[in-house]
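Working notes for the structure below.
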Amino acid sequence: MARVASIFARHEHMGQGIGKLTLNAVHDDIKAQNFPFIHLYACLNAVYFYRSQGYEKEESSMMKVAEGKYLSNERMNLSNKRMTRRIA
């Protein structure tokens, strides 16, 4: 299993394809290493992006980011067979 820790695009660069290019590079590397699937935790504002790239939701969760502070997120995965290049 490969785990993506985090991928972020600055707000002013969203919608320009930078996230797709970055994720495709990650997918290429993971496919080359023959990992069976990728797993990541997506912030709620990024769930649509990852779904558009073929990821599926496993579960909702809360991640502790600071003392007394939590961030809602979705655990998502993508199998190696579903990794395709989607450059717009």
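Since every read-out is calculated from the coordinates, none of them should be taken as a lab result. Everything numeric here is computed off the predicted structure, so don't read it as measured data. Reconstructed Cβ throughout: ideal geometry from the backbone, glycine too, with neighbour counts over all protein chains shown.
Within segment 9-35, restricting attention to residues that are polar (S, T, N, Q) and in a helix (DSSP H, G or I), which residue is surrounded by the most Cβ atoms within 10 Å (Cβ to Cβ)?
Restricting to residues being polar (S, T, N, Q) and in a helix (DSSP H, G or I), the top hit is N24.
Filter segment 22-63 down to residues that are aromatic (F, W, Y) and closer than 17 Å to K81 by Cα, then give me how many there are.
The qualifying residues number 4.
Residues of segment 47-59 being farther than 13 Å from V4 by Cβ and surrounded by 12 or more Cβ atoms within 10 Å (Cβ to Cβ), which ones?
V47, R51, S52, G54, E56, K57, E58, listed by residue number.
For the structure I just gave you, tell me whether S6 is under 11 Å from the mean Cα position of the chain (by Cα), of a type in the set (S, T, Y) and surrounded by 12 or more Cβ atoms within 10 Å (Cβ to Cβ).
No: the conditions fail for S6.
Are any residues in segment 41-62 in a strand (DSSP E or B) and either out of contact with any helix residue (DSSP H, G or I) (no Cβ under 7 Å at 6 or more places or on another chain) or of a type in the set (S, T, Y) (or both), and if so, which ones?
The answer is Y41, C43, E56, K57, E58, E59, S60, S61, M62.
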